[in-house]
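Report on the following structure.
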Amino acid sequence: MAALKMTISCFVFLQVLSCVLSSFAPTSAQGLKVGFYEKSCPKAELIVKKSVFEAMKKDLTLGAPLLRMFFHDCFVRGCEGSLLLDLKNKKDEKNAIPNLFLRGFEIIDDAKAALEKECPGIVSCSDVLALVARDAMVALNGPSWEVETGRRDGLVSNISEALSNLPSPFNNISSLITQFHSKGLNKKDLVVLSGGHTIGNGHCPQITNRLYNFTGKGDSDPNLDTEYATSLRKKCKPTDTTTALEMDPGSFKTFDKSYFKLVSQRRGLFQSDAALLDNQETKSYLLNQMKSDRSTFFKDFGVSMVKMGRIGVLTGKAGQIRKNCRMVNK
């Protein structure tokens, strides 16, 4: 009987302990969930999708900057729409050097205007950005994933924070791993999200050092395929600041896994692409994706995008729901 009482007491104690601990456990994705607007704005995701698909019917090259827009927003202050703000003094994130080639902001504006007409003050700009990134990839026959929503919008945008928080195309593997880790992302997320370079363009200033003066002796980067370097030099003169270069030559409008093959052949455009071969874990993943029967890239990309979409989110009563994505509510 004493043993039975002790067993019951232990069970009750463990149940109470479990309840106490669960009360301190973080909520799922910090308050985000799939279908957040199911009751408050049932057509929200359809409205965003319509805006994206209409725009990309006219210009498929919008897919890459729309994807990059979400990435660049999340890495600065978290996924709270600070990238979308316009400041009169031009000291906003949009005007930071890494963001100067972003475009497609009008698609965000169009989607938000349609949402405000359907259900005013309900859907945040940061959630629009998350949905747009997914829908843009679907429009390119790329991966799809369930987007968690429920974010609220931030009130601050600072040009210097974009410069200090965004990964650079000149980064080595240790810097990349450190930066991604600081955002709660691991080595797998790093190589998977780098796979987004299968679409879109880079620009000459981002690779000039690899072509002309890599070690200060007028040489090119030894980690860059020599034939590829020669072809790039024909397109990029040392003072060229505007010429666009396909990240994935021949299929830069198609979301596929060919990026990994290019990097394995030392034909990744950026130093940060080549750096993926300098770590055993990222290199192993990269090489596995080249095998048709073992590629998990599409599935993994969705998983990493959801994970990235949880960085520093504002939920509950934090922040606000902006009426216009370019400015805070008055």
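Note on the chain: Cα Rg divided by 2.2 N^0.38 Å, N the number of residues, gives 1.13. Taking every DSSP bridge with both residues inside the chain, close to 100 percent are antiparallel. Net charge of the neighbourhood of Asp240, taken over other residues with C-beta under 12 Å away and scored Lys/Arg +1, Asp/Glu -1, is +4. Extent of the range 28-97 along its three principal axes (Cα atoms, max minus min coordinate, largest first): 39, 36, 21 Å. Here the chain is assigned +1 on the Cβ of each Lys and Arg and -1 on the Cβ of each Asp and Glu. Its dipole about the Cα centre then comes out at about 280 debye.
For the range 137-211, the Cα-based Rg and Dmax, in that order, read 15.3, 45 Å. Accessible surface computed residue by residue for the range 137-260, with neighbouring protein chains in place and a 1.4 Å probe, gives 45 Å² per residue. Relative to the dominant Cα principal axis of the chain, helix 297-308 is inclined by about 60°. Translational diffusion coefficient of the range 177-253 (Stokes-Einstein, Kirkwood radius from Cα pairs, 10 °C, 1.306 mPa s): 113 µm²/s. Among the listed pairs Lys57/Lys88; Lys57/Lys94; Lys235/Lys257; Lys90/Lys330, those with a Cα-Cα distance over 23 Å are Lys57/Lys88; Lys57/Lys94; Lys235/Lys257. Go ahead and set up a Gaussian network model of the chain, Cα springs under 10 Å, then flag whichever of Ile159, Ile107, Ile97 fluctuates most. Evaluated over the chain, the most mobile residue of the options is Ile97.
Its relative contact order, with pairs defined as Cα atoms under 8 Å and 6+ residues apart, puts the range 126-254 at 24 percent.
In a GNM of the chain with a 10 Å cut-off on Cα contacts, which of Ser194, Ser182, Ser264 has the highest mean-square fluctuation? Answer for the Gaussian network model of the chain: Ser182. Rounded to the nearest 10 degrees, the angle from helix 125-139 to the longest Cα principal axis of the chain is 60 degrees. Here Thr242 sits with roughly 100 square angstrom of accessible surface, probe radius 1.4 Å.
For the range 243-330, the spread of Cα coordinates along the three principal axes comes to 53, 33, 24 Å, biggest extent given first. Carbon-plus-sulfur accessible fraction, the range 152-245 (probe radius 1.4 Å, protein heavy atoms only): 52%. Taking the Cα atoms of the range 84-130, the ratio Rg/Rh between the radius of gyration and the Kirkwood radius comes to 1.03. Overall, the anisotropy analysis places the range 173-215 in the oblate class: the square-rooted eigenvalues a ≥ b ≥ c of its C-alpha gyration tensor yield a/c not less than 1.5, with a/b not exceeding b/c. Relative to the longest principal axis of the Cα atoms of the chain, helix 105-118 runs at roughly 30 degrees. Do the alpha carbons of any pairs in Lys43/Lys112; Lys49/Lys323; Lys49/Lys91; Lys49/Lys291 sit beyond 21 Å of each other, and which pairs? Among Lys43/Lys112; Lys49/Lys323; Lys49/Lys91; Lys49/Lys291, the Cα-Cα distance tops 21 Å for Lys49/Lys91; Lys49/Lys291. For Lys234, the aspartates and glutamates whose Cα comes closer than 19 Å to its Cα, not counting residues fewer than 8 places off in the same chain, are Asp219, Asp221, Asp225, Glu246, Asp248.
All C-alpha pair distances within the range 110-247, sorted into 5 Å bins from zero, spread as 2, 8, 11, 14, 17, 17, 13, 8, 6, 3, 1, 0, 0 percent across the bins. Relative to one another, the C-alpha centroids of the range 259-292 and the range 180-199 are positioned 12 Å apart.
Across the range 236-330, Cα pairs under 8 Å and at least six residues apart give a relative contact order of 16 percent. For the range 182-258, the relative contact order is 45 percent, taking Cα pairs closer than 8 Å that sit 6 or more residues apart in sequence and dividing their mean separation by the residue count. State whether the range 106-162 is rounded, prolate or oblate according to the following rule on the C-alpha gyration tensor (a ≥ b ≥ c being the square roots of its eigenvalues): a/c under 1.5 gives rounded; otherwise a/b larger than b/c gives prolate, and the remaining case gives oblate. Because a/c hits 1.5 or more and a/b fails to exceed b/c, the range 106-162 counts as oblate. Projecting the Cα atoms of Leu115, Ser160, Thr198 onto the charge dipole of the chain (Cβ charges, centred on the Cα centre) puts Leu115 farthest toward the positive pole. Pick out, in residue order, every one of the trypsin sites (Lys or Arg not before Pro) in the range 36-135 that is DSSP loop and has at most 11 other C-beta atoms within 10 Å; say none if there are none. Those satisfying the criteria are Lys39, Lys88, Lys90.
The values are calculated or read from the model by the stated rules, or taken from the named source; none is laboratory data. Note that the structure is predicted; figures quoted are calculated from it, not measured. Ideal geometry is used to build each Cβ from the backbone, glycine not excepted, and the neighbour counts take in all protein chains shown. Note: accessible area is taken over every heavy atom of the protein model, side chains too, but ligands, DNA and RNA are not part of it. Shrake-Rupley method; radii C 1.70, N 1.55, O 1.52, S 1.80 Å.
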